[in-house]
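The block underneath contains the structure these notes are about, expressed in structure tokens.
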Amino acid sequence: MGAAHEHAVQGLREAISRGDLPPGLRLVEADLVQQFGVSRGSVRLALDALVAERLVERVANKGARVRVVSTAEAVEITECRLPLEALLARKAAERVTDAEADRLAAHLETMTGAVAAGDVLKYGELIQQLHGLIAEVARHAVAADLVGKLQAQLVRHQFRLSLRPGRPQVSLAELTALVAAITDRDPDRADAAAVAHFRSVIAALSQPPTAPGGPA
């Protein structure tokens, strides 16, 4: 039961983080049993765990659904995420290997290509992958775990930001500075670049949308 429960928790958390299970979606236990190949009991335990993480909520007489996060709460979550991301950036700059630096640089090239092509949905996914790569390089399990739980709540808002005119170009410049600082092995610069990027995200979230949309 323990392994099955963990499998269901991880699978559900990742599906919510990717946006495969969008905010407001009703989570039907029978469907999740089939999707993850675990028992109904494991699914219920997984849902309970994600309710505790604020990714899922239970609605009276309607069952469980992916929790909808307001813009005001998204700002607060990002404010909490900022110092953790700065820590991960600093540790990444201290610990990055040559192979990891090459991987980060190659990923940034792919991001640049997505922005040039106007593929904002792909760009939004690549941003999340970049933060995951930085967390891997940082090798700080506690901070990475906390960031992962916070980030999973922000999917809808992140994709909306990337759909705003001009926003991808702004965030690409910020993330280029972040990757450069890490690959240059400059912890202070990496910390500052991460802070600048997430302050920019907070400012963008705080502004009313200029166009309909849904990723930072």
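The values are calculated or read from the model by the stated rules, or taken from the named source; none is laboratory data. All values reported here derive from a predicted model rather than from experimental measurement. FYI the Cβ positions are ideal-geometry reconstructions off the backbone, even for glycines, and counts take in every protein chain you see. Each accessible area value is taken on the protein alone, full model and side chains, heavy atoms only, with ligands, DNA and RNA left out. Shrake-Rupley method; radii C 1.70, N 1.55, O 1.52, S 1.80 Å.
A few points about this structure:
- Output for the stretch 67-76, where each listed residue is open to solvent by less than 40 Å² (accessible area, probe 1.4 Å) and either part of a loop (DSSP other than H, G, I, E, B) or at pLDDT below 90 (or both): ARG67, VAL69
- Qualifying residue in the stretch 100-113 (condition: under 23 Å from LEU82 (Cα atoms), open to solvent by 20 Å² or more (accessible area, probe 1.4 Å), in contact with a helix residue (DSSP H, G or I) (Cβ under 7 Å, 6 or more places away or on another chain) and not in a helix (DSSP H, G or I)): no
- The C-beta contact set for the stretch 73-87 (first residue under 15 Å from ALA152 (Cα atoms), second residue not hydrophobic (A, V, I, L, M, F, W, C), distance under 6 angstrom, 6+ apart or interchain) comprises ALA74/HIS157; VAL75/SER206; ILE77/GLN153.
- Residue list for the stretch 48-66, filter: surrounded by 16 or more Cβ atoms within 10 Å (Cβ to Cβ), among the small types (Gly, Ala, Ser) and part of a helix (DSSP H, G or I): ALA49
- When restricted to residues that are under 15 Å from GLN10 (Cβ atoms) and not charged (D, E, K, R), the stretch 53-67 contains 2.
Conditions (1) under 15 Å from ALA203 (Cβ atoms); (2) assigned to a loop (DSSP other than H, G, I, E, B), marked per residue:
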position	(1), (2)
VAL147	no, no
VAL155	no, no
GLN169	no, no
GLU174	yes, no
ALA177	no, no
ARG185	no, yes
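- Only a single criterion out of (1) modelled with pLDDT of 95 or more; (2) more than 26 Å from GLN169 (Cα to Cα); (3) open to solvent by less than 50 Å² (accessible area, probe 1.4 Å) is not satisfied by ALA89, namely (2).
- Test: residue in the stretch 130-151 that is crowded, with 20+ Cβ neighbours inside 10 Å and in contact with a Ser or Thr (Cβ under 6 Å, 6 or more places away or on another chain): no
- Across the stretch 1-18, the qualifying residues are those that are surrounded by fewer than 14 Cβ atoms within 10 Å (Cβ to Cβ) and either under 20 Å from the mean Cα position of the chain (by Cα) or among the β-branched types (Val, Ile, Thr) (or both), and the one among them that is farthest from ALA152 (Cα to Cα) is GLN10.
- Qualifying residue in the stretch 118-129 (condition: over 20 Å from SER206 (Cβ atoms) and not in a helix (DSSP H, G or I)): yes
- Among the residues making up the stretch 168-203, those that are among the small types (Gly, Ala, Ser), open to solvent by less than 10 Å² (accessible area, probe 1.4 Å) and closer than 21 Å to LEU154 by Cα are SER171, ALA194.
- In the stretch 1-56, the residues that are polar (S, T, N, Q) and over 24 Å from ILE77 (Cβ atoms): GLN34, GLN35, SER39, SER42
- Of the residues in the stretch 155-166, at least one is within 21 Å of ARG18 (Cα to Cα), open to solvent by less than 10 Å² (accessible area, probe 1.4 Å) and among the hydroxyl-bearing types (Ser, Thr, Tyr).
- Selection count, the stretch 19-47, where residues are open to solvent by 80 Å² or more (accessible area, probe 1.4 Å) and in a helix (DSSP H, G or I): 5
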